[in-house]
Amino acid sequence: MKINDESTRELGWMFKEDESKLPPGLYHRLEVRLSNKATGDHFDPNLMTLPVTADGYKSGQLKITPATDRVSPKSALPGIVRLTDAIGKNVDIFTFGTAIALEKIDLADENETKNRRVTLSSCAPMFEVVPHTPEQFFATHFALMVARKSPEFGLTNHDPRCYVLNPQEACAGAIKSLMQHGLVYGIDEARLLSFIHKLIDANGIPIEKSFETMVDDRWINS
């Protein structure tokens, strides 16, 4: 995990802590340096892939590289943001929806002509997804929840994530859904509950409706 004690030039990517003092492992901001020239000293991402609204209530994938000059749309849907390096290694970050900002990095080294800094920021917590952790289970549950809801939209191929636009609502709804469906055998219940309580504290809004109920409400009124 990368924290903001060094620059993205030295780390490739890092979470940025802020004044909100979130619980350990949860953040509101991520900075990524995409470069076409790997340092070889650490993970050097040259591709970022994000889930976005592609056409109305459909979803697609936005790919950002060191050569990208502008991004559209400027926000991502809830789900996995994947960072990939030149040899195919991935780092996955889960967000409940995030704003996307892109800027060119001017460096003294003239041979490094293509560098971009991508900043993701959200009012809801984001976190790294590491195998065999509560974070991975939560992200997997979210993906399954969206997959279960998708067939209800029939031939329109609408993505349920498009109906929950506020990241804090998406977070609260996902927590409610997970609690309603119950825990899955094989997951350390104490660790999972600890992670869920951290999410609740970090998100800061009441848990009232499940993600599926929010989707239904917005589907009916759209």
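Listed peptides 25-33, 173-181, 191-199 appear in the order 25-33, 173-181, 191-199 once ranked by packing, highest mean of other Cβ atoms within 10 Å at the front. Relative to the current alpha-carbon distance between ASN36 and HIS197, full extension at 0.36 nm per residue lengthens the span by 54.0 nm.
Based on alpha-carbon atoms, the Kirkwood radius and the radius of gyration of the chain give Rg/Rh equal to 0.98.
In plain terms, the bigger the Kirkwood radius, the slower the diffusion; for region 8-128, with that radius from Cα pairs, at 20 °C and 1.002 mPa s, Stokes-Einstein puts D at 146 µm²/s. Note on THR140 and ASP69: the extension gain reaches 22.4 nm, defined as 0.36 nm multiplied by sequence separation minus the Cα-Cα distance. Most tightly packed first, judged by the mean number of other beta-carbon atoms within 10 Å of their residues, the peptides 208-216, 69-77 read 208-216, 69-77.
Among TRP13, TRP219, the ranking by other beta carbons within 10 Å of each residue's beta carbon, starting with the fewest, stands as TRP219, TRP13. Residues CYS171, CYS162, CYS123, arranged from fewest to most other Cβ atoms within 10 angstrom of their Cβ, appear as CYS123, CYS162, CYS171. Here the scattering of region 134-221 is modelled by Debye summation over its C-alpha atoms, one equal scatterer each and no solvent; at q = 0.18 Å⁻¹ the log10 of I(q)/I(0) is -0.78. Maximal additional length on extending the ARG148-ARG218 stretch stands at 23.5 nm, based on 0.36 nm per residue less the C-alpha distance. Of the peptides 46-56, 85-95, the order by per-residue mean of other Cβ atoms within 10 Å, starting with the highest, comes out as 46-56, 85-95. A Förster radius of 35 Å combined with the Cβ-Cβ distance from PHE43 to LYS21 puts the calculated FRET efficiency at roughly 0.85.
Values quoted throughout were computed directly from the atomic coordinates according to the rules given, and no laboratory measurement underlies them. What you see is a predicted model, and the numbers here were worked out from it, not measured in a lab. Counting neighbours? That spans all protein chains shown, and the Cβs are built from the backbone with ideal geometry, glycine included.
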